[in-house]
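So the structure is just underneath, and the comments pick up after that.
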Amino acid sequence: MESLSRQFSIYALGGLGEVGKNMYCVENNSSIIIIDCGVKFPGIELPGIDYVIPDFTHLKNNRNKVKALIITHGHEDHIGSIPFLVRSVNVPVIYAPRLAAALIKNRLEEFRISTTTKVVEYNDDTVLNLPDFKISFFRVTHSIPDSFGVVVDTSEGRIVSTGDFKVDLTPVGPDINIHKMAKLGEEGVDLLLSDSTNAESEGYTPSEKNVLDSIEEIFVNANGRIIVSTFSSNVSRIQQIIEVAVKHKRKIAIVGRSMEKVVQISRDFGYIKVPDTSIIDTQDLKLYRNDELVILCTGSQGEANAAMSRIANNEHKDVSIKPGDTVVFSSSAIPGNEIMIASLINLLTRQGANIVTNSILSDIHSSGHPSRQELRLVLKLLKPKYFMPMHGEYRMLRLHAELAEEMGVVEKGKAFILDNGDTLTLSNHKISKGYQVEHGVVYIDGFNVDGLAESVLDDRKQMTNDGMITIILSIDASKGTLLVEPIIYSRGIISKHPHRTLEECRGLIHEAVKDKINKKTNCNDIKAIVKDVAEKYYYQITKRHPMIIPVIMTKKDE
């Protein structure tokens, strides 16, 4: 029993088998620490959904054990769920790097959340002594400043998480702390959790500095306005675009709420350096020639409400596309967003814009994640006894696990490919598979912290795919008769003879309910009959299952 009380469990509530929603936990019988708390952005398959977040039920059920949330860096897929977590669970303190801490505070203000949770900054030299845990950090390079790996020392062994990283030897900002990583490897690492996003790509991820030449070429060749769309959190990329814009004496307009927020915070902390005279309001764009302007905006993934889509659809009050504009997509497509991006590019091209995307001929984006040679290097440096690939779809996790075993760094059978909710148990420097914790996804619509039930999402999908039919019955309850013929409204239904289809359905419903309402019955029974008749009829006609909404109105004698 003593060993059970001392052992530690490691598991993910998000981030395994997917890209996004990162949330990893280390737990013993009295304490839980959480590493990252991110969102996943929905594709077109989730209509009306703003965010997908982890299910916090396990943490709610163990709320008294939660000691701290530790953030590796300030990207939304690592901090975006914090407003929802702190509403649900009492998190005593959030430890975050300087830029991430500022973004978290801003996020909490945006959601108008008043919380007792403290946000405390850490750096490369910080050591945290928490109940049952000693936490330290090592700097890594990524596409946002202040990115760190996390070292978790427990009585049973050492766990290291790389966070998101790449081994960029010419970074835009501080170097990765390879010396500290090598020292950790010499001291001994029991379990390594490592970023798997680019595990399919051989070689090295190009340096962020490589993008600079391509950006420079675009500025030299563009005769009109340059509109650059990238992730608002890619601070390193934004800094490079701004530097080139200033060099070419172009004024910069920032479009999109998240872009404005990140640029302002990054300028306040010195991560983005730009003269005040180079930044202009969007309403002042008309005061300058086209070849004097750069517009920096969000929406590189084709999101419907983002700045780039609003500009393309002439829905932005100050910015619209002009023939001769050069529109640059300085990002890679997140899996699932390809259709939205292609539609946006087609719309922009129709309006006369010249489109530049990342390709072999135009290297305008560099990933923030490690390719296979960088994964090999980190495995060699840290030399873990056991390995758990994280942050990636299943095929990426498998490739990363196989890589570790092929290198001989990790013995065969000691690399674990897990799903969200699966646990590993650390006891006396040994790892084994454990139990499952409650996990899942929550769909957020607007600022509703409770999320949407799966049934609501199913209803939305059904209406999107198959349409909707509303059937209204007016009944005289005292006489047991229909006052008028059933009224039917259909939306999104395709029929060869729509008028005849409605008439036939109306007749079938009338016949089905007229005898029933003469007998002792209730509204629920009548609704069930109406749904059954309409569903069978419309499937026979359309081979679809539209949503059927019966509405019963009754008249009673006074």
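The values are calculated or read from the model by the stated rules, or taken from the named source; none is laboratory data. A quick note: this is a predicted structure, and the numbers were derived from the prediction, not measured. Cβ atoms come from the backbone with ideal geometry, glycine included; neighbour counts cover every protein chain shown. Calculation scope for accessible area: heavy atoms of the full protein, side chains included, ligands and nucleic acids excluded. Shrake-Rupley method; radii C 1.70, N 1.55, O 1.52, S 1.80 Å.
Summary table
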| read-out | value |
| --- | --- |
| Residues of the stretch 176-200 satisfying the condition of being of a type in the set (Val, Ile, Thr) and crowded, with 19+ Cβ neighbours inside 10 Å | ILE176, VAL189, THR197 |
| Some residue of the stretch 141-163 being under 27 Å from LEU375 (Cα atoms), among the hydrophobic types (A, V, I, L, M, F, W, C) and surrounded by fewer than 23 Cβ atoms within 10 Å (Cβ to Cβ) | yes |
| Tally of residues being touching a Gly at 6+ places or on another chain (Cβ under 9 Å) and among the hydrophobic types (A, V, I, L, M, F, W, C) across the stretch 194-221 | 1 |
| Qualifying positions in the stretch 539-557 - in contact with a strand residue (DSSP E or B) (Cβ under 9 Å, 6 or more places away or on another chain) and either at pLDDT 85 or above or closer than 17 Å to TYR489 by Cα (or both) | PRO546, MET547, ILE548, ILE549, PRO550, VAL551, ILE552, MET553 |
| Residue ID - most open to solvent (accessible area, probe 1.4 Å), chosen from residues in the stretch 370-396 that are under 19 Å from LEU13 (Cα atoms) and either aromatic (Phe, Trp, Tyr) or in contact with a Leu (Cβ under 7 Å, 6 or more places away or on another chain) (or both) | TYR394 |
| Test for GLU76: is it under 24 Å from VAL19 (Cβ atoms) and either in contact with an Asp or Glu (Cβ under 8 Å, 6 or more places away or on another chain) or of a type outside the set (S, T, N, Q) (or both) | yes |
| Residue check for LYS555: closer than 16 Å to SER474 by Cα, under 42 Å from the mean Cα position of the chain (by Cα) and touching a residue at least 12 places away in the same chain (Cβ under 8 Å) | no |
| Search result, residues across the stretch 201-223 that are modelled with pLDDT under 90, open to solvent by less than 20 Å² (accessible area, probe 1.4 Å) and under 26 Å from the mean Cα position of the chain (by Cα) | SER207, GLU208, VAL211 |
| Residues (surrounded by fewer than 13 Cβ atoms within 10 Å (Cβ to Cβ) and β-branched (Val, Ile, Thr)) located in the stretch 498-512 | none |
| Those strands (runs of 3 or more DSSP E) lying entirely in the stretch 14-88 with at least 1 residues under 24 Å from ARG139 (Cα atoms), open to solvent by 10 Å² or more (accessible area, probe 1.4 Å) and basic (Lys, Arg) | 66-70 |
| Residue selected from the stretch 114-124 under the condition out of contact with any Phe, Trp or Tyr (no Cβ under 8 Å at 6 or more places or on another chain) and part of a loop (DSSP other than H, G, I, E, B), by the criterion surrounded by the most Cβ atoms within 10 Å (Cβ to Cβ) | THR117 |
